[in-house]
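Bear in mind that the values in this text are calculations on the coordinates, not laboratory data. Being a predicted model, the structure only gives us computed values, none of them experimental. Here the Cβ positions follow ideal geometry from the backbone for every residue, glycine too, while neighbour counts run over all protein chains shown.
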Amino acid sequence: MNKIKIWITVFMLAMSACKPKPQVMAAKTTAKAYYTCSMHPQVHEDHDGNCPICAMKLIKVELTGTMGDMATDKIILTATQIQLAAIQTDTVKEQNTGNEKTLNGTVTTDETGAQELSARSAGRVQQLFVRAISEKIAIGQPVYSIYSENLQEAEKEYLLAKQQQKLLHNPDVDYKQLINAAESKLQLWGLSASQINSLAASGKVSASTVILSKVSGTVSDIAVHEGDYVTEGMTVLKTQSLNNLWVEAQLYANEANNYKVNDRVNVSFPDLGRQVIAGKVEFINPELSDASKVDLVRISISNMQGAIRPGMLAYLTIGSTANKSLAVPASAVLTDGKGSRVWVKNTDGSFSPRMIKPGNGNQNYVAILSGLNKGDIVVTNGAYLLNSEAIFKNGTGDNMAGMKM
């Protein structure tokens with residue numbers, strides 16, 4: 001009986017040993033990081049430092065996720081990484097992809113925004129409150145004080161009319177009309193409504209009168225000095241508006257017919273790091289220059305930030321509007337033996353590569369025959385860095401070759 005119990009025990013132990021043990025399948029995670037250069041994305045280092053090519057500080061790129069995530073082409077960067085890598089984007093839209101011409105131009109002031117402040121009454125300038133060229137002034141700002149006998153007489157007439165209305169009650173006299181006439185004369189001679197109200201409240205004529213500005217902008221010329229005697233209509237100062245500027249360039253006579261007023265123009269400034277802004281053809285001179293037989297073209301640009309200054313050198317890229325098509329900036333397209341691709345910014349903020357079929361273009365834009373839609377957002381600066389990271393992440397990047405256009 002004891003032998004039977006022993007055999008049963010041995011059998012049960014053997015059966016329990018043969019049962020497979022449950023295993024916990026943990027997701028294998030990887031955590032990798034490398035350092036690369038925003039100017040030379042082919043540089044991959046495993047430590048911080050400077051680029052061996054250009055000596056710029058390397059950017060740290062962290063890659064974390066499951067093994068399943070490593071097979072995707074989607075790249076996710078933090079806001080800091082996007083800023084350090086100088087990644088810029090643009091929206092896919094219709095652009096000129098025909099022949100373009102680049103011209104050298106010069107920034108000038110927009111003469112349509114120039115204004116002039118002139119003396120309303122004769123007198124001697126007692127004090128100047130605006131003394132420097134390039135100083136900004138606003139409407140209602142004090143410009144100068146003047147001693148003017150004519151202005152003093154007009155002030156006396158106004159006060160007298162007010163006093164007569166208060167003390168006399170002659171029904172044959174229209175005191176209100178007298179007051180309005182005297183007030184209109186003061187306004188024509190440069191006094192504001194608040195100054196006239198102050199004059200009525202004080203009841204006294206001052207020895208000098210402060211003249212307020214009727215114009216705004218940046219002072220370009222001051223024509224008087226303290227102690228000068230000004231006559232009615234004499235220029236006191238001039239202003240110009242720098243919120244809108246002109247860029248003037250020259251075209252050959254046989255090229256002028258290719259362009260027309262309101263054509264869109266790309267303007268870049270070498271002094272501002274080749275910053276590009278949109279401009280519009282404002283004027284094409286119908287007459288040729290007598291000396292050089294060239295035509296003047298004038299471009300209107302906005303300068304709300306105030307970074308552009310008259311006298312700066314500018315490059316104008318003018319193209320005919322006849323060849324417009326769906327296009328992306330030329331810097332967005334990456335081409336190799338497997339085809340052409342761009343990097344697209346997704347709605348979740350990540351970046352993905354997309355194969356495209358490019359068409360004809362120029363030095364600025366490449367026409368898109370297929371692969372993109374109007375409104376898509378593509379990377380225009382930093383695409384090489386994203387492509388390099390995708391190759392490092394996926395090994396060879398062969399998986400991008402099979403993408404459909």
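Worth pointing out:
- For segment 251-331: rounded, prolate or oblate by the Cα gyration tensor [a/c cutoff 1.5]: oblate
- If you look at the Cα atoms of segment 184-342, you get an Rg and a Dmax of 25.5, 89 Å.
- Enclosed volume per residue, in Å³, of the convex hull spanned by Cα atoms of segment 321-381: 90 Å³
- For segment 69-139, the Kirkwood estimate of hydrodynamic radius, built from reciprocal distances between every pair of different alpha carbons, is 20.8 Å.
- Of the trypsin sites (Lys or Arg not before Pro) found in segment 310-394, those in coil by DSSP whose Cβ has at most 15 other Cβ atoms within 10 Å are K338, K374.
- Projected label distance in nm at T347 and K60, using a 7 Å step from Cα toward the beta-carbon: 3.4 nm
- Scattering curve values for segment 218-259, log₁₀ I(q)/I(0), Debye with Cα scatterers, q = 0.33 Å⁻¹: -1.14
- Rounded to the nearest 20 debye, dipole of segment 207-352 from Cβ charges on Lys, Arg, Asp, Glu: 820 debye
- 20 Å reach of a label modelled at L296, 7 Å along Cα-to-Cβ, counting backbone N of segment 76-113: 103-113
- Here the gap between K260 and D228, fully extended at 0.36 nm per residue and compared with their Cα-Cα distance, gives a gain of 6.7 nm.
- Kirkwood-type radius of segment 83-240, with distances r between different C-alpha atoms, in Å: 19.3 Å
- Each of Q165 and E153 was given a label point 7 Å from its Cα along the Cα-to-Cβ line. The distance between the two points is 2.3 nm.
- Placing unit charges on the Cβ atoms only, positive for Lys and Arg and negative for Asp and Glu, gives segment 308-370 a dipole magnitude near 40 debye about its Cα centre.
- Separation of alpha-carbon centers, segment 84-149 and segment 167-232, rounded to whole Å: 28 Å
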